[in-house]
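Student: Mind looking over this structure? Questions follow.
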Amino acid sequence: MAAKTVTRADLAEAVYQSVGLSRTESAELVERVLDLISDSLADGDNVKLSSFGSFQVRSKNERIGRNPKTGEEVPILPRRVLVFKPSNVLKSKINKSMVRTGK
């Protein structure tokens, strides 16, 4: 059973159905929200969406990794990574849906 992926178009359609904006305005609204979130994260700010979760950018230091096939040591450069921490409300909702479906 393949899981469905929610796309920008799906979000825009949901805004269109719920709010009553035109489809174009709904798509622009979704784009502006996603741009604001991504710009904030790129600037190193945390983004918290109440009852959903929070996004954080963490810095990882340089370290030595190994190629598992050859065993050769390879330096892994310092980088910034995106971390998502779901809220307790979201965790609860996900776990309740698993109980209902028997998964």
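Bear in mind these aren't lab numbers, they're just calculated from the coordinates by the rules spelled out. Values in this document were obtained by computation on a predicted structure and should not be read as measured data. Glycine gets a Cβ as well: all are built from the backbone with ideal geometry, and neighbour counts include every protein chain shown.
Student: Taking interchain pairs and intrachain pairs at least six residues apart, which have beta carbon atoms under 8 angstrom, with the first residue in segment 1-20 and within 15 Å of Glu31 (Cβ to Cβ) and the second surrounded by fewer than 12 Cβ atoms within 10 Å (Cβ to Cβ)?
Tutor: Tyr16/Ser22
Student: Same structure, new question: Scanning segment 35-58 for residues that are among the hydrophobic types (A, V, I, L, M, F, W, C) and in contact with a helix residue (DSSP H, G or I) (Cβ under 7 Å, 6 or more places away or on another chain), which turns out nearest to Lys93 (Cα to Cα)?
Tutor: Step one: of segment 35-58, the residues among the hydrophobic types (A, V, I, L, M, F, W, C) are 36-37, 41-42, 47, 49, 52, 55, 57.
Remaining after also requiring in contact with a helix residue (DSSP H, G or I) (Cβ under 7 Å, 6 or more places away or on another chain): 47, 52, 55, 57.
Values: Val47: 21, Phe52: 10, Phe55: 19, Val57: 25 Å.
Once the filter is applied, the top-ranked residue is Phe52.
Student: Then there's this: Sort out for me the strands (runs of 3 or more DSSP E) sitting completely within the chain that have 2 or more residues that are touching a strand residue (DSSP E or B) at 6+ places or on another chain (Cβ under 7 Å) and among the hydrophobic types (A, V, I, L, M, F, W, C).
Tutor: Values: elements: 47-49, 53-60, 63-66, 73-76, 79-86.
Strands (runs of 3 or more DSSP E) meeting the threshold: 53-60, 73-76, 79-86.
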